[in-house]
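Report on the structure given below.
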Amino acid sequence: PEKHIVEVYNWNLDHEFNNLLAAASGDASGNAILAIDMEFPGFLRQEPRSGARAQRYQALRENVDRLRLIQLGAAVADADGTVRGAWSFNLKFDIDVDLQSEKSMAFLRAAGLDFSRHKKEGIDPGILGRKLANSSLVGQRAPNWVTFAGAYDLAYLLKLLTNGQPLPRDAHSFDVQLGMYCRRHHELRDVLHYGSLDAWAARLSVPRYGRSHTAGSDALLTLNLFLFIMSNNCAQAEDRKWDAWQWQEQWENECWEMTIQQARWQAAWQYQASLPFYGLSTQAPAPWPAFSPPVPALHAGLPMPAATFWNSASPFSMHQDVRTKFQI
């Protein structure tokens, strides 16, 4: 099952959805792990990367409300790390009619998506949404959901679960409504602050099965990456950064130190210049205050809002807190 990704269309939806439910309910402990990934037709409104969370959410909300989901990928494992299966649910999408980004369509074609099959054999999102909403995959009995940079993944999931209703008006309401369905959620971005899914998989020698940027393959890779982190020291995964990051961080640190030193000299010179010539002070200028970015508290409790999706939190030390978050 670990290497095989099942392609699901309208004609085998009932059978394969039942297989997904059986895989997720097969863990007697009730702690099955379900990783998801979505493929969608791009962005109509660009999300401001440096804006406040409220601004970014409004861009996400407009994009998800106006666009149709193309693929939903799901991969399941038991709590002991045994992978039970992976599926790619192909939804109905008419490339000649539905809104899209031309660049994204070319990107998905190159990844291997067959849009003629999506048009003819694609799953009605309303039917898939009802199956999900009435299943044990959501609510009190839901497994542990896992995403990698999953803001849009969860937004499209909520759209499916609510039969295409517009997303909540603000980010807080979105968190609350999502928490009604998704009681336990883990976001890999909380641990792996840098790099793409493929980049981290290559760095940590986690194999990919299937084609990159297809929902089933990305979901399975997300699951295996999560299982790797669960079975290893979380701090080790974060500390093994790219060589490119190391020299970039070294360069940034050197520039930062040069900036601080320059500011110190400038402040001291201005102070000395303000004194009468005969009264030059020999006292050293006050030490520069140490730079200490705020360390955000990990989110806890039910429902878990997973605010880190919106990159609103600064990087933090994982050596203690992450082990608690991932219950290692």
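The values are calculated or read from the model by the stated rules, or taken from the named source; none is laboratory data. Note that the coordinates shown come from a computational prediction; the quantities given were computed from them, not determined experimentally. Here the Cβ positions follow ideal geometry from the backbone for every residue, glycine too, while neighbour counts run over all protein chains shown. Accessible surface areas use protein heavy atoms only, side chains included; no ligands, DNA or RNA. Shrake-Rupley method; radii C 1.70, N 1.55, O 1.52, S 1.80 Å.
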The lone condition residue 158 fails out of (1) touching a His at 6+ places or on another chain (Cβ under 9 Å); (2) within 28 Å of residue 18 (Cα to Cα); (3) of a type in the set (A, V, I, L, M, F, W, C) is (1)
Of the residues in region 155-171 that are in contact (Cβ under 8 Å) with a residue 24 or more places away in the chain and in a helix (DSSP H, G or I), the one that is most open to solvent (accessible area, probe 1.4 Å) is 159
Is there a residue in region 83-91 that is assigned to a loop (DSSP other than H, G, I, E, B) and under 23 Å from the mean Cα position of the chain (by Cα)? no
Of the residues in region 172-198 that are more than 19 Å from residue 221 (Cα to Cα) and open to solvent by 20 Å² or more (accessible area, probe 1.4 Å), the one that is nearest to the chain's Cα centre (by Cα) is 184
Over region 183-205, the set of residues out of contact with any Lys or Arg (no Cβ under 9 Å at 6 or more places or on another chain), outside any helix (DSSP H, G or I) and farther than 24 Å from residue 137 by Cβ is 192, 193, 196, 205
Residue pairs qualifying under the 8 Å Cβ cut-off, at least six apart or on distinct chains, with the first in region 203-218 being over 16 Å from residue 229 (Cα atoms) and touching a residue at least 12 places away in the same chain (Cβ under 8 Å) and the second being assigned to a loop (DSSP other than H, G, I, E, B) and acidic (Asp, Glu), are 209/2
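Here is a yes/no grid of residues against (1) crowded, with 19+ Cβ neighbours inside 10 Å; (2) touching an Asp or Glu at 6+ places or on another chain (Cβ under 7 Å); (3) closer than 24 Å to residue 129 by Cβ:
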{"residue": "7", "(1), (2), (3)": "no, no, yes"}
{"residue": "46", "(1), (2), (3)": "no, no, no"}
{"residue": "56", "(1), (2), (3)": "yes, yes, no"}
{"residue": "71", "(1), (2), (3)": "yes, yes, yes"}
Within region 9-44, the residues that are open to solvent by 60 Å² or more (accessible area, probe 1.4 Å) and under 24 Å from residue 104 (Cβ atoms) are 10, 43, 44
